[in-house]
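See below for the structure under consideration.
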Amino acid sequence: MELTRRKALMLGAGVTALAFMPFTPASAAVEDAIAEFTGGADAGEGDITLITPEIAENGNTVPVSVDAPGAVSIAIFAAGNPNPDVVTFNFGPLAASHSASTRMRLAGTQDVIAIAKMPDGSFIRAANQVKVTIGGCGG
Amino acid sequence: MAKGVKPRVKVPKSASAGDTITIKTLISHKMESGQRKDGDGNPIPRSIINRFTCEFNGQSVIDINLDAAISTNPYFEFEAKVPEAGEFKFTWYDDDGSVYEEIKSIAVN
Amino acid sequence: MRSISLRILASVAALTAIGSLSAMAEDLPELVINEDIEMVTRTKAPAHLENLDEIRSGWTFRTKETQAFQMDDFDNPGMIFVDQALDTWETVDGAAGKSCATCHEGPESMTGLRATLPKWNEDAGEVWTMEMYINDCRENRMQADAWGWKSQPMLNMNALISLQSRGMPVDVKIDGPAQSAWEKGKEMYYTRYGQLELSCANCHEQNYDNYIRADHLSQGQINGFPVYRLKQANLITAHNRFKGCIRDTRAETFSEGSPEFVALELYVGSRGNGLSVEAPSVRN
């Protein structure tokens, strides 16, 4: 193809747009993982709290807490991990709250998503971005 | 059984009937994710604890499915109701078929 | 007249300084472990540390999430290794048919040891670290095989024994027969290593609290070792970090347990005299 000045400009704009796109806006893998948990149902807004650090000093051990009063179960997904599944909490009759905390691995800066299944079969979601720092001093 | 697996559980020794208590659990485990490669470039197979349960007198408090993104030495914190005196039973299920158990009694005053 | 107004100015400046210091102090997080053990994480630098006024535990440089890992022994993953060492403490090993407990009874008999290490060992005629004391027991009293410096049982036992001194002030002796090793360690601390020509002091004395890329530089204090490091998800020793730092200057590094690192551990340890023993601490 003949590279005219106009085409070159358009090409340049396209490349720029690509470069400025936010990192992984939820990959197909995380959509699939979520669909497996929700059976494809939409997850809406609701009473669900997801607590993650704004900045994780190391991606190997990132604390995460979720709380969704009344939830039957809560699943956590890491949108930027090679395998987005993190954990599923299923609450029994003796759970005093529908909350739990754990520690997870994040492969880099990414969105963490929590989805709660409610007793009526509906789903609610919350998401936070966690920045994972890559230090100068490894090893 | 994976080497050096050892549970560590925090449960109060006593509570009042109907109280809510906080439970913390840690267990030593590599949680090999299956994403890493050895020195020769061969993938290291996944070897994780894939399920953790906590029951009180046979009734479920929490039943957790773990994936490979859970950190080495898995940690959980959650809240339980204590309707009566009895035993908390904690069970970790390893990919290799091993099962690790810990029992903690609680008195009701 | 001039000197009086200068003095007034100086005292006003001093008051302002005190005012802002106390305002800062209110915001500073305090390390209390298990809602019980109060740790000294900031204190006046020891007299032999001429270039710093205040010494600070590495804990003060971490994010609140990393700090929280260390504030409860059921949140601190280092404690699972302490539990493992408790079993080892009771286990008979070696031809002499002894365990640690045979001679030392409970691990609490080790209270205070970690706070003084490394220290001069008169019989050996050299400065000894925790690992050297442990291996001396294993080889000579238990007639068992020595543990490798980086081996899991060594790391675990170091953590268990160090824990017995948790909360006590670091008190590493720098004079007497230890002095020449201390001088050697000090010389290393200020020596620029590697292609990047960086000394310990370049980062940890002149630039602590600044960032090197995304790393928040600490003073490089070792009062918390062995440390549960999130990166390795395991206990590591001060020598492991010395090695990492020197390697990062793109130098040939010394190895764990080398006389150079023993001397450096003595010197760096003494820079923390007055901070609390925090082992096993949690860092990134």
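The values are calculated or read from the model by the stated rules, or taken from the named source; none is laboratory data. All values reported here derive from a predicted model rather than from experimental measurement. Methodologically, a virtual Cβ is constructed for each residue, glycine included, from the backbone with ideal geometry; neighbour enumeration extends over all protein chains shown. For the accessible areas, the whole protein counts, side chains as well, though only heavy atoms, and no ligand, DNA or RNA atoms are used. Shrake-Rupley method; radii C 1.70, N 1.55, O 1.52, S 1.80 Å.
Points worth noting:
- For region C:99-110, backbone phi angles converted through the Karplus equation (6.51, -1.76, 1.60; θ = phi - 60°) give residue-by-residue couplings of 10, 4, 5, 4, 8, 9, 6, x, x, 5, 5, 8 Hz, Gly and Pro being listed as x.
- Full-stretch length increase - C:Tyr211, C:Ala95 - with 0.36 nm per residue and alpha-carbon distance subtracted: 36.6 nm
- Legend: mean number of C-beta atoms from other chains within 10 angstrom of residue C-beta atoms, peptide C:257-263, equals 0.
- Of the GluC sites (Glu not before Pro) found in region C:121-200, those in coil by DSSP whose Cβ has at most 16 other Cβ atoms within 10 Å are C:Glu122, C:Glu197.
- By a 1.4 Å probe calculation restricted to protein chains, C:Trp149 has an accessible surface near 50 Å², given to the nearest 10.
- Remark: accessible surface ordering of C:Lys173, B:Lys104 (largest first) is C:Lys173, B:Lys104, probe radius 1.4 Å.
- Rounded if a/c under 1.5, otherwise prolate or oblate - region C:70-131, Cα gyration tensor axes: oblate
- Note on surface exposure: C:Cys103, C:Cys203 rank C:Cys103, C:Cys203 by accessible area, highest first, 1.4 Å probe.
- Sorting the segments B:82-88, B:47-53 by their mean number of nearby beta carbons within 10 angstrom, highest to lowest, gives B:47-53, B:82-88.
- Cut-off 14 Å (backbone N to label point 7 Å along Cα→Cβ of B:Ser14), residues of region B:78-109: B:85-86, B:106-109
- Scanning residues 5 or more positions from C:Leu275 or on other chains, those with amide H under 5 Å from its amide H are C:Val170, with H placed 1.01 Å from N in the peptide plane.
- Order by protection proxy (mean Cβ within 10 Å, highest first), peptides C:64-71, A:36-43, B:64-71: B:64-71, C:64-71, A:36-43
- In this rough spin-label picture, where each label sits 7 Å from Cα along the Cβ direction, the B:Ile103-C:Thr102 distance is 3.4 nm.
- D_trans [Stokes-Einstein, Kirkwood Rh over alpha-carbon pairs] for the protein assembly as shown, 25 °C, 0.890 mPa s, µm² s⁻¹: 94 µm²/s
- Derived scalar couplings ³J(HN,Hα) [region C:180-192; Karplus, 6.51 cos²θ - 1.76 cosθ + 1.60; whole Hz; x for Gly, Pro]: 5, 5, 4, 4, 5, x, 5, 4, 4, 4, 9, 8, 7
- In summary, the lysines within cross-link reach of C:Lys184, defined as a Cα separation below 30 angstrom excluding same-chain residues under 8 places away, comprise C:Lys44, C:Lys119, C:Lys150, C:Lys173, C:Lys243.
- Comparing C:Ile80, C:Ile55, C:Leu155 along the charge dipole axis of chain C, the residue lying farthest to the positive side is C:Ile55, per the Cβ-charge model.
- Solvent-accessible surface ranking, highest first, for C:Asp73, B:Asp63 at 1.4 angstrom: B:Asp63, C:Asp73
- In order through region C:42-47: 3J(HN,Hα) via Karplus (6.51 cos²θ - 1.76 cosθ + 1.60), integer Hz, x for Gly, Pro: 9, 7, 5, 5, x, 4
- The mean number of Cβ atoms from other chains found within 10 Å of a Cβ in peptide B:25-31 is 4, as a whole number.
- Protection-proxy order for peptides C:49-58, A:73-82, each taking the mean of Cβ atoms within 10 Å per residue, highest first: A:73-82, C:49-58
- Per-residue SASA entry for C:Met142, accessible area with 1.4 Å probe, Å² rounded to 10: 10 Å²
- Amide hydrogen proximity for B:Ala85: with H placed 1.01 Å from N in the peptide plane, the residues at 5 or more positions away or on another chain lying under 5 Å are B:Val108.
- Helical content of chain C, expressed as a calculated mean residue ellipticity at 222 nm, amounts to -11500 deg cm²/dmol (DSSP H runs of 4 or more residues, -39,500 (n - 2.57) each, divided by residue number, nearest 500).
- The figure for C:Met132 is an accessible area of roughly 40 square angstrom, using a 1.4 Å probe on the protein chains alone.
- Spacing of the modelled spin labels on B:Asp96 and B:Asp38, each 7 Å from Cα toward Cβ, amounts to 1.4 nm.
- With the simple spin-label model, which puts each label point 7 Å out from Cα in the Cβ direction, the A:Glu54 to C:Ser151 separation comes to 4.7 nm.
- Scanning residues 5 or more positions from B:Asp95 or on other chains, those with amide H under 5 Å from its amide H are B:Ile48, B:Ile49, B:Asn50, with H placed 1.01 Å from N in the peptide plane.
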